[in-house]
Amino acid sequence: MPGNSTRRGAVRTSKKGASAGSGGNNKRRLSGKGPTPKAEDRPYHAAAKRKNAAKETRPRALRVKSERPKGGGELVAGRNAVVEALRAGVPATELIVVRSIDVDDRVTESLQLALAAHLPIREVHRAEVEGLSGSSQGILLAIKPYQYSSFEEITQRATEPMLIVALDGVTDPRNLGAVVRSAAAFGADGVVMTERRAAAMTASAWKSSAGAASRVQIAQVTNLPRTIDAAKKIGCFVIGLDGEADETLSQMKVAQESLMIVVGSEGKGLSRLVREKCDLVVSIPMRASTESLNASVATSIALFWVDEQRRK
């Protein structure tokens, strides 16, 4: 019983004098309560009141919605890339600039070029630009998606004798742009390439074409061997370029015919099935056997030679 002074230890002695114990009631009252909460987590503590007051006065972070260009376009990020794309006249939908951007010569020129081209300029929060592209340097250019033609459209608009360039797995967009530029320079009717595992008409390819992409029809096909068969049916003689071929370009006697010139990828060259579909495979002779040409240079030489033969 509490206060039973006859039990051993029931009476406690302190500076204030002897006092009777609670019989263990106080010990049971404290059990199961867990560790003491932090001061800021106790509702009636001054620290908790200061914490709640700070929450009420702190401004809420802005939630910015990042919107990519509509229609599946491309975003060019970075000051150098944006100003070069604008200089090249790459078709764009808008220029996106961060508010309070650190203006330099590249930003100034980009704004001037956008205004001259009547291109919309949109100011956004930095958080929105970072959501679209992490390393944008505060400026983005939204590019229009390239409008490809079909192989049938190329052949229907072609002049006789036809001259079509086909790319078998060319993956470098700069090579693609250079091929398109050569095709325009030597009067080719169009360029055909595969949809998968190949470069597309991005801003980089457009810049390399020096604007020729707006003058030459470009088609994406799902199956190049099948497209080669379709070209043969309409009277095209299919020529493959391969550095290891025994017959050289100058030995080819069909330059006056309708042609499809097939160029292989930068590393592997022509794929096996495409090579088998070609009517003739030729090489470009070089003085040094250890040297090689990339896809765009080889295409330029072949197109120049065909154009020269047709002029005779």
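Which order do GLU195, GLU123, GLU247, GLU128 take when ranked by solvent-accessible area (1.4 Å probe, heavy atoms of all protein chains), largest first?
The ranking, largest first, comes out as GLU123, GLU195, GLU247, GLU128.
Using +1 at the C-beta of Lys and Arg and -1 at the C-beta of Asp and Glu, which of LEU280, VAL216, ALA188 has the Cα lying farthest in the positive direction of the dipole of segment 181-312?
So the residue we want is VAL216.
Any chance you could tell me what percent of the C-alpha pair distances in segment 141-190 go past 12 Å?
On the way: 869 of 1225 pairs.
I get 71 percent for the Cα pairs in segment 141-190 exceeding 12 Å.
Can you tell me the order of 252-264, 147-159, 297-309 when each peptide is scored by its average per-residue count of other Cβ atoms within 10 angstrom, highest first? Could the numbers behind the result be given before it?
Details: 252-264: 19.8, 147-159: 14.5, 297-309: 18.2.
For the peptides 252-264, 147-159, 297-309, the packing ranking is 252-264, 297-309, 147-159.
Can you tell me the Rg and the Dmax, both Å, for the Cα atoms in segment 157-312?
14.1, 41
Using per-residue counts of other Cβ atoms within 10 Å, averaged over each peptide, order 181-194, 79-92 from highest down.
The densest-packed peptide leads the list: 181-194, 79-92.
So how far apart, in nm, are the two label points at ALA230 and VAL103 if each is 7 Å from Cα heading toward Cβ?
Here the answer is 5.1 nm between the modelled labels.
The values are calculated or read from the model by the stated rules, or taken from the named source; none is laboratory data. What you see is a predicted model; the values in this text were computed from it and never measured. Heads up, the Cβs are rebuilt from the backbone with ideal geometry, glycines too, and the neighbour counts pull from every protein chain shown. The accessibility values were calculated without ligands, DNA or RNA, using every heavy atom of the protein model including side chains. Shrake-Rupley method; radii C 1.70, N 1.55, O 1.52, S 1.80 Å.
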